[in-house]
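Any read-out appearing in this document is the output of simple, stated calculations on the displayed coordinates, not a laboratory observation. Computed from a prediction, not measured in an experiment: that's the story for all the values here. Using ideal geometry, Cβ is built from the backbone for each residue, glycine included, and neighbour counts are taken over all protein chains shown.
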Amino acid sequence: MKKILLTLLILAQLVVVAETKKGKAPVSQPKSAATSQPAKTEVVGKDGIKRFATLKEAAEDYAKALQEISNYGSRELLKTINPDVDKYVSEKKDESLKKRWEETNTLLIEQFEVLVYKINENGNNGEVIFLVKGYDETAMSKYLNDNYKKYAKIDKVRAQVDINIEEYIKLQHDYLTKTKKINLATSKVNFIKDSQGWKVVEESK
């Protein structure tokens, strides 16, 4: 997932700049996005790029867009975390199980949270460090392995393992809903202020 994250961050930053230039909202609104915020002093400049009265506002808008596009890209790339479990849940026709599995998928696939970590303002130039948070999937795998007896039974006579998929889903869902996200990566973005306000700096091609 970390390799996917790095790819998504690069692509998302390109898309954010493009969407900002067009003055459009990001592609998707994830479930984890913040609720209504006070209106920002946002204007679209003559060059089509959004500006904000303060660097803080510009940074927060960029963070929201980066989060939405990263999660949208993750969903488009991965679709699901386990097709075999998808099939089992579909055949089971249990609405409660289906809901829990869909929530588990969403929690993992759309897990990225982007926060403004540090703002450095120097005259008309600004540098913002963004912090990307997500789940420690190595720790989650260890947790599932350490608690395998809750969803798996080993039959030594037949030399096979019987998996209770419903218990597996419950265990994974419980872990994700009760575990705090960790810091996965940081991203540095430059901003500049002109007569119309603060805007993100387009990287030279």
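Between the stretch 118-137 and the stretch 151-194, what's the alpha-carbon centroid distance in Å? Computed from Cα coordinates, the inter-centre distance equals 27 Å. Computed from point charges on the beta carbon alone (+1 for Lys and Arg, -1 for Asp and Glu), the dipole magnitude for the stretch 33-122 about its Cα centre is near 100 Debye. Computed over the Cα atoms of the stretch 71-205, pair by distinct pair, the Kirkwood hydrodynamic radius stands at 18.2 angstrom. Counting neighbouring beta carbons within 10 Å and listing from fewest to most, the residues PHE130, PHE112 come out as PHE130, PHE112.
Computed from the Kirkwood radius of its Cα pairs, the Stokes-Einstein diffusion coefficient for the stretch 49-136 at 10 °C and 1.306 mPa s stands at 103 µm²/s. A convex hull fitted to the Cα coordinates of the stretch 144-205 yields 198 cubic angstrom per residue.
Straight-line reach from LYS50: taking Cα to Cα under 15 Å and skipping same-chain neighbours fewer than 8 places apart, the aspartates and glutamates in range are GLU19, GLU42, GLU60, ASP61, ASP194, GLU202.
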